[in-house]
Amino acid sequence: MINIFRIVYILMPLTVVLAFQWAPGAEILGDTSRIIYFHVPAAWASVLSFLVAGTASIGYLFDDKKKRARLADVSHNSCIIGMVLIVLTTVTGSIWAKMSWGSFWNWDPRETSIVFLLLVYSAYFSLRSALGRKERGSRISSAYLVLAMFTVPFFVFMVPRIYPSLHPAPLINPEKKLFLDDKMRITLAFSLVSFTLLYFYILSLMNRISAIEARMVINRNEK
Amino acid sequence: MAGEIFRNLLKDFRVELRSRFAVNLSISFAGTMTVSIGIVTSGVPLSPQIISLLLWMIFFFSAMNGLSHIFVREVDQGTFMFMNNKIGTDAVYLSKLIYNAVFFAVIQVFITPVFIFFLQVEVKCAAVFIATVFSGGLAISATSTFLAAMVSRAGGRGSLFTIMSFPILIPVLWAAINGTIRSLENRAACGLGNPFFLLAFSGMIAALSFLLFRHVWIEE
């Protein structure tokens, strides 16, 4: 499984080349628009990671035979990656905002909703550290992740569409069109695939580390 | 199950009426906040946006003071094990949810007129204002009840409850503040969209919490 995701070693450098060398700059924004190839995929991958965390939590909680204990680790690891990606999204978004609107932070609905997501998931880490890593802690924090997953669509899809925003038209807009040149569109699609695979690759690595740690604990207890 | 819910509700109300700790704390906090804001503004008229924001901040922090109490008390006093033996998990959740909803509605009934009086608020659309206040209160209670159960299992840390509740309650606060602004601003723009959203959100959270509650509450 992990070997398939190793393709990111080729895809990520290619994404960088396509973003900086092949794709043209946007008409008004110029070269600053190239940040879209990192900002949008990071945002997408962060939402994906939170959805995976929520789904894995459901699987863990409703597994009455307790055969899928590792799903708790999967959801926790996915959350960690999601947090890193959402911080990256915020940072790249801020840089883009400074270049386009003249200020790093504008309380735009999209900026604000991403910060709220950061708060939702940083609360998860507070809860997890308060509960500890025992079985009870995993159960309660998984229940929180399920609840948190249901707030994600509100922040990501509803708020930015209700309030007037300075943010460029999102990929899913009322006209259902992608306002990008063909080369830009291909580069963005390529980058989305690369970031998705990168997320799954890092997740699989972290899951392996968690499995090794769990095995070490069992071995230590057996001695 | 109805009998179990009723018995547990009765017990919770009796315990609360005996000590009146949570209700006194929430009402005192809200009263202090309202009077402090009134003193600071000294009769200066505030915009509907500021008024709505202040009203819901007072509601939010009153909820943070009072709503976790129902579960934290059971864990602190060690009564939760007896309760789990006597009453089914679903009945525990539903009785606590009803208790918190009634408790918070009572708090709102006390706070709202005091707030309107001291800040000289002119409500243009009373029906929508009342609907927004109570549907928002229900949404806060529904969300806080489940989170309170989690926090009580984490040692009942007060600040943790606020840290966890605030981001999850943002959609509620957003709709409630919007609905309140509309009811204060303009009779023509009054609509029941925000109260309906709040009721739908309460229903969604209550249903989710009902499904997840046994994983949080039962000790395995």
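Each reported figure results from applying straightforward, stated rules to the coordinates on display, with no laboratory input. Since the model is a prediction, treat every value here as computed from it, not as a measurement. A quick note on method: Cβ atoms are made from the backbone with ideal geometry, for glycine too, and the neighbour counts reach across all protein chains shown.
Structure summary
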| item | result |
| --- | --- |
| Per-residue average of Cβ from other chains inside 10 Å of B:166-176 | 5 |
| Spin-label zone in region A:190-212 - amide nitrogen under 14 Å from a point set 7 Å from the Cα of A:Leu14 along the C-beta vector | A:190-198 |
| Relative contact order %, chain B, counting alpha carbon pairs below 8 Å whose residues are six or more apart | 28 |
| Hull shadow area, averaged, the protein assembly as shown [alpha-carbon convex hull, nm²] | 25.6 |
| Per-pair calculated FRET efficiency, R0 = 30 Å: B:Val40 and B:Met204 via Cβ, rounded to 0.05 | 0.20 |
| Structure-based [θ]222 nm, chain A - -39500 (n - 2.57) summed over DSSP H runs of at least 4, per residue, nearest 500 | -24000 deg cm²/dmol |
| Span-rule helices in chain A, defined as complete DSSP H runs reaching 20 Å or more along the axis (Cα) with Kyte mean at least -1.0 | A:36-61, A:70-101, A:109-131, A:135-149, A:182-222 |
| Karplus (6.51, -1.76, 1.60) ³J(HN,Hα), θ = phi - 60°, over region B:146-153, in Hz, Gly and Pro reported as x | 5, 5, 5, 4, 5, 5, 4, 6 |
| Using a Förster distance of 30 Å, the FRET efficiency for B:Arg18-A:Phe150 (Cβ separation, nearest 0.05) | 0.20 |
| Set B:Lys11/B:Lys124; A:Lys98/A:Lys183; A:Lys134/B:Lys96 screened for pairs whose C-alpha atoms are more than 30 Å apart | B:Lys11/B:Lys124 |
| Scaled radius of gyration (Cα, divided by 2.2 N^0.38 Å) that region B:2-217 gives | 1.03 |
| Most mobile of B:Asn24, B:Asn100, B:Asn85 in a GNM of chain B (Cα contacts under 10 Å) | B:Asn85 |
| Per the protein assembly as shown, cysteines lacking a partner by the 4.7 Å Cβ criterion | A:Cys79 |
| For region B:111-167, convex hull volume per residue from C-alpha positions, Å³ | 102 |
| Peptide ranges B:207-219, A:35-47 listed from the most packed, as the mean C-beta count within 10 angstrom indicates | A:35-47, B:207-219 |
